[in-house]
Amino acid sequence: MATLWQRIRGRSSRAAVDPLAPYAVNPYLVGPAGPTMGREETYTGEFVAAVQHAYRSNGIIFACNLARASVFAEARFQFRRLQDGRPGDLFGTRELGVVESPWPGGTTADLLTRMIQDVDLGGNAFIYRAPNGRLKRLRPDYVTIVLGSRSEPELFGDALDAELLGYIYHPQGSGQLDDGVVLLPDEVAHWAPIPDPLFHYRGMSWVTPIARELAADDAATNHKLSYFRNGATSGVIVSLDSSVTEEKAKRFIELFRQQHEGVTNAYRTVFLGGGAQVHNAGNNLQQLTFTSVQGAGETRIAAAAGVPPVIVGLSEGLQAATYSNYAQARRRFADGTLRPLWRSAAQALAAIVEVPDGAELWFDDRDIAFLREDRRDSAEIQARQAQTIRTLIDAGYDPDTVVPAVTAENFRLLRHSGLYSVQLRPPGVEQGTPTKSVPISKKDVPTVVEPNQIDPRDPS
């Protein structure tokens, strides 16, 4: 413990005042190996189990994760100005190169793919920023979260003044507290979009609540596989005459299995003798409504992932799919799942990115092909905004303030120029000055000529 605490103090010595000095010497330490001094945030190994038994072995889990990651990785990061608490324009600086080229050969898409994969399977994503500016993805089950309390160390993370002190990364996954690299909070971006109610900082994977659905889907898949392995029948009972000896019965059973069990022997004619009879036991897949049973489980898995079944291509979603409700499903997926994930990921990465004053790290989804149909709605909104801009400019507001005010939906940004529309006041006339009437000469008044009447001005 002393070695670990010295490491934490040594890493924090770059500050003018040691931020950990006021804390008690027994911090709240939990990690992959379980709690050392505490009761919460113990990692129980869900990450490896989710990878081995869900992501690598279950097609529905893989399809849901792939649907989430393929669109999630298309976004780009930008800075967004904040004006009076309202969002403004997007802009970029050289600092965004940290997330645009996170590691040698890596891109923003690689970074986002790794983050969403870790969150889907482990509930947490940890990204470390090295002193050279490069980013490093940390396996979630190799990270220990360190909490501490100044006044009530015996309460650990439950104390009222408990704070996050840092992280310990175990490169080999040993979980030993004296065999790790200590990292401070400003060096690690911790993303946990689904908080675990039992823990203070750790997140929860969406796979965790559907463990039973996952087991049921695996059982259904195994049942289907066994159905075909056994000659596409759910069960066969063969009864032999009582006069058949045990030795003859064993030879008959062995021969029957060789000739009639397995997919290659399906639908072969059965020839029996000696009083043997064959009875079909159980139901076939159609009688079991197998498609409906398995499809319902797949839909519940997709619901936990926040992906509409038609987006993943599941059977129940495709049966009810039309172009109209596919567009609705796509919008629900984008607005209800992807955009909250982008927002929380940007806020998490802001811990290791130097964000300019008066701005925030944000995402840019304007170039994502999956959301291209949303551009039509955006175009309609822009058309209405353009009409509003024209109205405000005609009313005399400064054009330089009209566009920011309309886009930010904050009319407090408007500044009036003191000029009014030409329909209301002649040019050059100041507000409050009475207008003078101008006499009109007779030559400016047109002469109205009635039909069949000679115009006196006509020389002919």
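Things to note:
- Of everything listed in (1) among the β-branched types (V, I, T); (2) in contact with a helix residue (DSSP H, G or I) (Cβ under 6 Å, 6 or more places away or on another chain); (3) at pLDDT 90 or above, the single unmet condition for I60 is (3).
- For P399, the conditions (1) surrounded by 15 or more Cβ atoms within 10 Å (Cβ to Cβ); (2) in contact with a helix residue (DSSP H, G or I) (Cβ under 7 Å, 6 or more places away or on another chain); (3) farther than 30 Å from V188 by Cβ all hold with the exception of (1).
- Looking only at the stretch 338-367, and only at residues there that are among the aliphatic types (A, V, I, L, M) and part of a loop (DSSP other than H, G, I, E, B), the one that is most open to solvent (accessible area, probe 1.4 Å): V355
- Number of residues in the stretch 108-146 that are outside any helix (DSSP H, G or I), open to solvent by less than 60 Å² (accessible area, probe 1.4 Å) and not basic (K, R): the value is 14.
- Here W103 clears all of (1) open to solvent by 30 Å² or more (accessible area, probe 1.4 Å); (2) hydrophobic (A, V, I, L, M, F, W, C); (3) not in a loop (DSSP other than H, G, I, E, B) except the condition numbered (3).
- When G166 is tested against (1) at pLDDT 85 or above; (2) in a helix (DSSP H, G or I); (3) surrounded by 18 or more Cβ atoms within 10 Å (Cβ to Cβ), only condition (2) is not met.
The values are calculated or read from the model by the stated rules, or taken from the named source; none is laboratory data. What you are looking at is a predicted structure, and each value in this text was computed from that prediction instead of being measured. Backbone-built Cβ (ideal geometry, glycine too); neighbour counts: all protein chains shown. We work out accessible area using only protein heavy atoms, side chains counted, and drop any ligands, DNA or RNA first. Shrake-Rupley method; radii C 1.70, N 1.55, O 1.52, S 1.80 Å.
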